[in-house]
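Here's the structure, in structure tokens; my notes come after.
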Amino acid sequence: MCTKLNLDEKVAKYNSDNIFFVSDLHFNHTKLCNGYDVHFDRTRKYATIEEMNADIIKQWNDIVSENDIVIFLGDMFMGTPGSKLLENYRHYVSQLKFKRMYFLRGNHDYDIFKKLNKFPTWEDERVLRFPVDYITATYKGKNYFIQHYAIDKDPMFGIVDGLNKCINEGMNFDYIIHGHTHSDIKLSEIKDVDNYKIQNNVCWDAWYRPVNINELAATRE
């Protein structure tokens, strides 16, 4: 059963002003920080991990307020020792502005999800975690399909399955949203579904900030 969010209800419940999407912060990730081009299509070119981490927090807080909703599409950390995960989670999430965060699991979030399940007192009460591969949402009469992985970009994960399942059940989506790619390409085509569609990449490396829901590009039939 797919996890569904009625964002109209959430905005009313939390009296929130904005909805943002973002993924792949990758706090503490050395290889993404400073120049391992063979590992990623695009690296961030910071001099130090500390500089990168601080800039992520600054850019986030420059655009997101304490009265906003954030849908986070996964990969909070990379390269953080397991013994430091809970401490790091509390340290960094506590510095980010938002009223409510919906945290969809990415491929690097399994360990932190397990630890938070075991030690829930470390959780930030503003965060609701979803240990699932995809979710759907509705907002102002539009339908959203949301998952960590880009559709048709990484076949080893079978990442088109959730979208096709929803389509086969009669759902149609106005917006398809993903992270994971670490590229600067904000929009790409999806050619292996029934209708011609585009998907929005909200990975940090595409925008270097959270993306407002009004900035997303809709499906093209």
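Observations on the model:
- The set of residues from the stretch 165-179 being out of contact with any Gly (no Cβ under 9 Å at 6 or more places or on another chain), open to solvent by 10 Å² or more (accessible area, probe 1.4 Å) and part of a loop (DSSP other than H, G, I, E, B) comprises GLU169, GLY170, MET171, ASN172.
- Meeting the requirement of 3 or more residues that are modelled with pLDDT under 85, the helices (runs of 4 or more DSSP H) wholly within the stretch 1-64 are 30-33.
- When residues of the stretch 208-221 are limited to those that are under 12 Å from the mean Cα position of the chain (by Cα) and not β-branched (Val, Ile, Thr), the one least open to solvent (accessible area, probe 1.4 Å): PRO210
- Applying the set (1) open to solvent by 50 Å² or more (accessible area, probe 1.4 Å); (2) under 24 Å from ILE69 (Cα atoms); (3) at pLDDT below 95; (4) not in a helix (DSSP H, G or I) to ASN117 leaves exactly one unmet item: (4).
- Residue in the stretch 105-114 that is least open to solvent (accessible area, probe 1.4 Å), counting only those that are touching a residue at least 24 places away in the same chain (Cβ under 8 Å) and in a helix (DSSP H, G or I): ILE112
The values are calculated or read from the model by the stated rules, or taken from the named source; none is laboratory data. Given the structure is predicted, the values throughout are model-derived calculations rather than measurements. Backbone-built Cβ (ideal geometry, glycine too); neighbour counts: all protein chains shown. Side chains are part of the model used for accessible areas, which takes the heavy atoms of the whole protein and leaves out ligands, DNA and RNA. Shrake-Rupley method; radii C 1.70, N 1.55, O 1.52, S 1.80 Å.
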